[in-house]
Amino acid sequence: MYPAYMPGLLHCENVWAATYTVGDAGGWTFNVVGWPNGKTFKTGDVLVFNYNPTEHNVAAVDKQGYDTCTVSEGSKTYQTGSDKITLVNGQNYFTCGFAGHCGANLKIVVNAM
C-alpha cells in the first residue's frame, strides 16, 4: 500500500514563465536588434516571433553566428511565421537566415537568467 502523498512524484512546471512577442506589434523585422533592451528574461520564458515566412525566418545561432551573421548547418531554423521558442539559461542568439537581413539588424541576443 502506498501513501497518498509521495514526495518523489511531485510534478512541477514553470508556471511563472512569461511570453514575449519579439518586436512587439511590429513583429520580427528589420532594426529589432534593440528590442530586448530594458527587459528582464528568465530561463523558460517564451519568445514569439511573428513574421511573413516568405520574407524572413528565425535561426537560433551561437555567438559566432550572431557576430558574423552566419547560419551554420547545426543551427535550428524556424520558418512558420509564428514561432515560439523557449529561452535557455544564458545568452540566446537569433538572426534571420535570409541573405543580408542579419546585417540589416534583423537579429537579437537575449540573456535569460
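Checking the stated criteria, Asn111 turns out to be touching a residue at least 12 places away in the same chain (Cβ under 8 Å) and outside any loop (DSSP other than H, G, I, E, B). Scanning segment 94-108 for residues that are in contact (Cβ under 8 Å) with a residue 40 or more places away in the chain, on the phi < 0 side of the Ramachandran plot and not small (Gly, Ala, Ser) yields Phe94, Cys96, Phe98, His101, Leu106, Lys107, Ile108.
Search segment 24-35 for residues being part of a loop (DSSP other than H, G, I, E, B) and either of a type outside the set (Gly, Ala, Ser) or under 12 Å from the mean Cα position of the chain (by Cα) (or both), and hand back the single one that is surrounded by the most Cβ atoms within 10 Å (Cβ to Cβ). Applying the filter and picking the extreme gives Trp28. Listed by first and then second residue, the pairs linking a residue in segment 58-82 that is farther than 16 Å from Phe98 by Cβ and among the hydroxyl-bearing types (Ser, Thr, Tyr) to a residue that is at pLDDT 95 or above and not in a loop (DSSP other than H, G, I, E, B), with Cβ atoms under 8 Å apart and 6 or more places separating them unless they lie on different chains, are Ser82/Val48; Ser82/Phe49; Ser82/Asn50. Condition check for Val48 on (1) part of a loop (DSSP other than H, G, I, E, B); (2) surrounded by 13 or more Cβ atoms within 10 Å (Cβ to Cβ); (3) touching a Ser or Thr at 6+ places or on another chain (Cβ under 9 Å); (4) at pLDDT 95 or above: one failure, at (1). For segment 17-48, what are the residues that are within 28 Å of Ala99 (Cα to Cα) and among the hydrophobic types (A, V, I, L, M, F, W, C)? Once the filter is applied, which keeps residues that are within 28 Å of Ala99 (Cα to Cα) and among the hydrophobic types (A, V, I, L, M, F, W, C), segment 17-48 yields Val22, Ala25, Trp28, Phe30, Val32, Val33, Trp35, Val46, Leu47, Val48. In the condition set (1) exposed (fewer than 13 other Cβ atoms within 10 Å of the Cβ); (2) of a type in the set (Ser, Thr, Tyr); (3) free of Cβ contacts under 8 Å to residues at least 24 places away in the same chain, Thr40 is compliant with all but (3).
The values are calculated or read from the model by the stated rules, or taken from the named source; none is laboratory data. The structure displayed is predicted, hence computed values, not measured ones. We place every Cβ from the backbone using ideal geometry, glycine too, and count neighbours over all the protein chains shown.
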